[in-house]
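> Here it is, the structure, as structure tokens.
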Amino acid sequence: MQRTHINQIKEGHTVLVQGWVHSLRGQSKIKFLQLRDITGVVQCISMDQTQFGTFDKLLAESAVSITGLVKKAVVKSDEVTQKNVEIEIQTLEVLNYAEPLPITIAAKDEALTNELSKRLDYRYVDLHRRDTQAIFKIQSTLLEAFREFMITEGATECIFPSIIGASSEGGTELYPVQYFEKTAVLSQSCQLYKQMAACSLEKVFSVFTVWRAEKHNTLRHLNEARQMDFEIAFADDKVAMEVLGRCVQHIVKVIMEKNAADLEVLKTQLVVPTVKYMTFAEVAKLMRQHHVEMGEDDLSGDAEHTLGELFPNTVVFVHDWPLAGKPFYIMPKGKDLSYGYDAIYKGMEICSGGQRIHLPELLIERLKVKGLDPDHFKSYIDSFRYGAPPHAGWGVGVERLTMQILGIKNIREVTLFPRDRDRLTP
Ligand code: ATP
Ligand code: MG
């Protein structure tokens with residue numbers, strides 16, 4: 001018999017269903033087993049005494065294979081997603097017995113009873129939880145929607161190197177890697193490579209893993225994170241921001257369409273965001289009015305938070321960013337400003353971007369101002385000597401965007417196997 005997923009079973013059919021024991025209860029004459037697979041939960045019933053020995057040895061989350069007749073449900077429980085039917089068990093095969101669980105899976109107050117760090121220690125068990133599964137099903141849609149959006153825009157997907165020469169774009173601590181007789185580093189971003197690609201392929205994108213060896217311990221930073229990167233030629237900051245605004249709107253819209261059931265599991269309602277543009281100076285003025293401390297050439301956490309409160313469900317682009325607060329490759333705008341920007345969504349930075357410098361001499365000057373050695377960036381600088389057009393782009397954190405869309409406070413929650421200051425396993 002072929003396996004049927006729980007959301008596909010129909011009254012009157014004899015089916016083979018496979019999954020995990022969500023919960024078990026029983027009396028002397030009848031046993032109830034709630035079976036869960038990735039599509040839902042269904043009640044299974046046995047009144048066959050010869051099966052009771054197997055039931056008595058089973059613990060929650062054991063993997064089982066059941067055949068039985070689908071009937072109209074007699075008992076209705078909140079936990080099941082197949083409310084109208086239940087399965088009268090004919091055969092019950094245990095595929096693998098689960099040991100007593102280190103964290104709770106099916107309890108109603110599961111979020112309260114499990115510490116996140118313990119859940120992450122047992123992420124492979126935590127992934128049995130329907131709310132954890134919902135997060136990663138939504139993240140999968142997010143990536144799919146990003147890719148689909150970019151391909152519709154006519155962008156080319158690129159794969160960039162993760163091991164790079166010891167020199168990099170600066171501004172963050174790096175992880176050294178022994179590379180034969182040389183020391184290399186793990187990439188902190190694909191910035192320089194995506195620019196080189198965009199200067200001929202015109203529109204490029206990538207989902208790229210970045211490594212940052214910063215010893216921070218915050219709710220919004222990982223030491224290994226993923227970014228969705230975009231770069232476009234013959235374009236300035238305004239063009240790149242407009243693309244990002246539509247891209248985030250598209251991603252949220254697709255999640256609302258495709259993941260309605262997962263959003264219900266998470267008890268989360270989404271709204272497609274609007275887009276707003278403000279200069280850095282305008283934000284500074286607004287923060288003064290609200291008595292919020294704000295950095296000179298960067299937004300403070302409080303300022304980001306306040307923007308989220310003042311403009312809920314809005315992607316706020318803060319542009320005309322002070323030059324001093326942006327990396328060397330961002331195009332200056334006059335003496336003190338730049339064509340760089342950040343996007344703030346629900347009170348947190350989700351993206352940095354800007355128009356880049358495509359002029360080798362200006363690039364060398366800016367590298368020196370930032371205390372970096374142009375000799376370390378030779379091939380990057382040289383790439384602009386052969387007809388490189390003006391170009392712009394951005395990088396959005398995959399985990400950042402996931403947590404902000406879903407309103408989840410800790411970035412580790414939306415990272416399948418997070419790497420932070422203290423965690424290298426599992
Ligand atoms: P922040 O100011 O929040 O520390 P950043 O300005 O250092 O971030 P960028 O280099 O601008 O980060 O990276 C682009 C995007 O990648 C960020 O807007 C964010 O969404 C994401 N990102 C950057 N660093 C991290 C990190 N350590 N952990 C998770 N996501 C990150
Ligand atoms: Mg940034």
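> So how far apart, in nm, are the two label points at residue 282 and residue 54 if each is 7 Å from Cα heading toward Cβ?
A separation of 6.6 nm, rounded to one decimal place.
> So, one more: Out of residues 5 or more away from residue 351 or on other chains, whose amide H comes under 5 Å of its own, with H placed 1.01 Å from N in the peptide plane?
343
> Taking neighbour counts of Cβ atoms within 10 Å as a proxy for exposure, in what order, fewest first, do 207, 248 appear?
Ranking 207, 248 by Cβ neighbours within 10 Å, fewest first, gives 207, 248.
> Another question, then. Most exposed first by the Cβ proxy, i.e. fewest other Cβ within 10 Å, how do 380, 277, 124, 345 rank?
The fewest-first ordering by Cβ neighbours comes to 124, 277, 380, 345.
> Relative contact order of region 274-323: what whole-number percent is it, with Cα pairs under 8 angstrom and at least 6 residues apart?
58 percent
> Binning at 20 Å from 0, report for the chain what percent of all alpha-carbon pair distances ends up in each bin.
Percent of pairs per bin, in order: 23, 46, 24, 7, 0.
> In addition: Let me check against my output: what whole-number percent is the relative contact order of region 329-371, with C-alpha pairs under 8 Å and at least 6 apart?
After rounding, I find 35 percent.
> I would also like to ask the following. Under 5 Å between amide hydrogens, which residues at least 5 positions from residue 210 or on another chain qualify, with H placed 1.01 Å from N in the peptide plane?
225, 226, 227
> On a full-extension model of 0.36 nm per residue, what is the gain between residue 209 and residue 121, subtracting their alpha-carbon distance, rounded to one decimal in nm?
29.5 nm
> Which trypsin sites (Lys or Arg not before Pro) does region 161-219 hold that lie in a coil by DSSP with at most 10 other beta carbons within 10 Å?
For trypsin sites (Lys or Arg not before Pro) across region 161-219 that sit outside H, G, I, E and B with at most 10 neighbouring Cβ atoms in 10 Å, the list reads 215.
> What is the mean projected area of the alpha carbon convex hull for region 106-252, to one decimal in square nanometres?
11.7 nm²
> Among the trypsin sites (Lys or Arg not before Pro) in region 39-77, which ones are in a DSSP loop with at most 16 other Cβ atoms within 10 Å of the Cβ? Mind listing them?
Taking region 39-77 and a limit of 16 other Cβ atoms within 10 Å, the loop trypsin sites (Lys or Arg not before Pro) found are 76.
> Once amide H atoms are placed 1.01 Å from N in the peptide plane, what residues at a sequence separation of 5 or more from residue 295, or on another chain, have their amide H within under 5 Å of its amide H?
Placed amide hydrogens put 300 under 5 Å from residue 295.
> Ok, one more. Between region 224-291 and region 58-95, what is the separation of their alpha carbon centroids in Å?
Each part's Cα centre sits 42 Å from the other's.
> Compare the peptides 319-327, 93-101, 28-36 by average per-residue count of other Cβ atoms within 10 angstrom and give them in order, highest first.
319-327, 28-36, 93-101
> If you fit an axis through the alpha-carbon atoms of helix 130-152 and take the longest principal axis of the Cα set of the chain, what angle between them do you get, 0 to 90°, nearest 10?
Here the helix axis deviates by roughly 40 degrees.
> Per residue of region 39-54, in order, report the coupling 6.51 cos²θ - 1.76 cosθ + 1.60 (Karplus, θ = phi - 60°) as ³J(HN,Hα) in whole Hz, putting x for Gly and Pro.
Ordered by residue, 3J(HN,Hα) equals 9, x, 10, 9, 7, 10, 10, 9, 10, 8, 3, 5, 8, 5, x, 5 Hz.
> With +1 assigned to the C-beta of every Lys and Arg and -1 to the C-beta of every Asp and Glu, and no other charges, what is the dipole magnitude of region 207-294 about the Cα centre in debye, to the nearest 20?
Roughly 260 debye, rounded to the nearest 20.
> Return the sequence-ordered ³J(HN,Hα) values of region 390-404 in whole Hz as given by the Karplus equation 6.51 cos²θ - 1.76 cosθ + 1.60 applied to θ = phi - 60°, using x for Gly and Pro.
Using θ = phi - 60°, the values come out as x, 7, 8, x, 7, x, 10, x, 4, 6, 4, 5, 4, 5, 6 Hz.
> Give the lysines whose C-alpha is closer than 26 Å to that of residue 194, dropping any in the same chain fewer than 8 places away, or say none.
182, 203, 238, 326, 333, 368, 370, 378
> Then there is this: Positive end of the charge dipole of the chain (Lys, Arg +1 and Asp, Glu -1 on Cβ, about the Cα centre): tell me which of 295, 315, 145 has its Cα farthest that way.
145
> Once phi is turned into ³J(HN,Hα) by the Karplus curve 6.51 cos²θ - 1.76 cosθ + 1.60 with θ = phi - 60°, what whole-Hz value does each residue of region 411-420 show in order, with x for glycine and proline?
So the J values, rounded to whole Hz, are 4, 5, 4, 9, 10, 4, 10, x, 10, 10.
> Sticking with this structure for a sec: Among 143, 244, which comes first, then next, by fewest other beta-carbon atoms within 10 Å?
Going from sparsest to densest Cβ surroundings: 143, 244.
> Taking region 143-209, which chymotrypsin sites (Phe, Trp or Tyr not before Pro) meet the DSSP loop condition and have no more than 13 other C-beta atoms within 10 Å?
180
> Using 7 Å Cα-to-Cβ label points, what is the residue 257/residue 93 separation (nm, one decimal)?
4.0 nm
> Relative contact order of the chain: what whole-number percent is it, with Cα pairs under 8 angstrom and at least 6 residues apart?
It rounds to 13 percent for the chain.
> While we're looking at this one, here's another question. Can you tell me what share of the DSSP beta bridges in the chain is antiparallel? A percent to the nearest 5 is fine.
Roughly 85 percent of the DSSP beta bridges within the chain come out antiparallel.
> Have a look at the DSSP beta bridges in region 262-396 and tell me what percent are antiparallel, nearest 5.
75 percent
> Follow-up. At what distance in angstrom do the alpha carbon centres of region 316-340 and region 341-413 lie from each other?
Using only Cα atoms, the two centres lie 11 Å from each other.
> Here's another thing I want to ask about it. Residues in region 219-249, backbone N under 16 Å from the label point at residue 417 (7 Å along the Cα-to-beta-carbon vector): list them, ranges by number please.
Only 223-226 fall inside the zone, counting backbone N under 16 Å.
Values quoted throughout were computed directly from the atomic coordinates according to the rules given, and no laboratory measurement underlies them. Small disclaimer: the values here were computed from a predicted structure and weren't measured. When we count neighbours, we look across all protein chains shown, and the Cβ atoms used for this are built from the backbone with ideal geometry, even at glycine.
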